[in-house]
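Read through the structure below, which is laid out as structure tokens, and then see the notes.
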Amino acid sequence: MAFVTLLICGFAGGLLGGMGMGGGTILIPLLTLLGIGQAAAQGINLLSFLPMAAIALSIHAKNGLVKKDAFTFVLPALFGSVPGAILAGVLPSLLLERAFGVFLIVLSLFRARRAFSGKKGAP
């Protein structure tokens, strides 16, 4: 039964990630509700993001939707991810939970503001 529950969580995260919302906004809370620690849930989310991001990047590049200067963001992101992962591993779980909760609240406020302002496109 636990495998099926985790499979459903992964499907929900992948579905939202494919729609542009970011699968972690649902995957991390679902995993923590199932008893997985915050740091492990964030790690699982990051691992599940890698293949999805690689596939999306290759499809968008093939369709000419990736600007050439967009790759200037890739190297800093790669170099920042390692210290971020190490930091997440040593921080207390409660701090990670609260920081992620604040992030979700701020994200929802930005999304609501954009929705009610009538502007189109990504935030």
Percentage relative contact order, the stretch 1-73, counting C-alpha pairs under 8 Å, at least six apart: 18
Mean residue ellipticity at 222 nm from the helices of the chain, using -39,500 (n - 2.57) per DSSP H segment of n ≥ 4 over the full residue count, to the nearest 500 deg cm²/dmol? -26000 deg cm²/dmol
With charges only on Cβ, +1 for K and R and -1 for D and E, what is the dipole size of the chain about its Cα centre, in debye, rounded to 20? 560
Difference of contour (0.36 nm per residue) and Cα-Cα distance, Ser81 to Leu104: 6.3 nm
In cubic angstrom, how much convex hull volume per residue do the alpha carbon atoms of the chain span? 129
Dividing the mean separation of Cα pairs under 8 Å (6+ apart) by the residue count of the chain yields a relative contact order in percent of 17
Give me the angle, in degrees from 0 to 90, between the Cα long axis of helix 93-117 and the longest principal axis of the Cα atoms of the chain, rounded to the nearest 10. 40
Counting only heavy atoms of protein chains, what accessible area per residue, in Å², does the chain have with a probe of 1.4 Å? 74
Using per-residue counts of other Cβ atoms within 10 Å, averaged over each peptide, order 58-64, 84-90 from highest down. 84-90, 58-64
Share of the chain's accessible area from carbon and sulfur, percent, 1.4 Å? 76
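The values are calculated or read from the model by the stated rules, or taken from the named source; none is laboratory data. Keep in mind that what you see is a predicted model, and the values were worked out from it rather than measured. Reconstructed Cβ throughout: ideal geometry from the backbone, glycine too, with neighbour counts over all protein chains shown. For accessibility, only protein heavy atoms count, side chains too; no ligands or nucleic acids. Shrake-Rupley method; radii C 1.70, N 1.55, O 1.52, S 1.80 Å.
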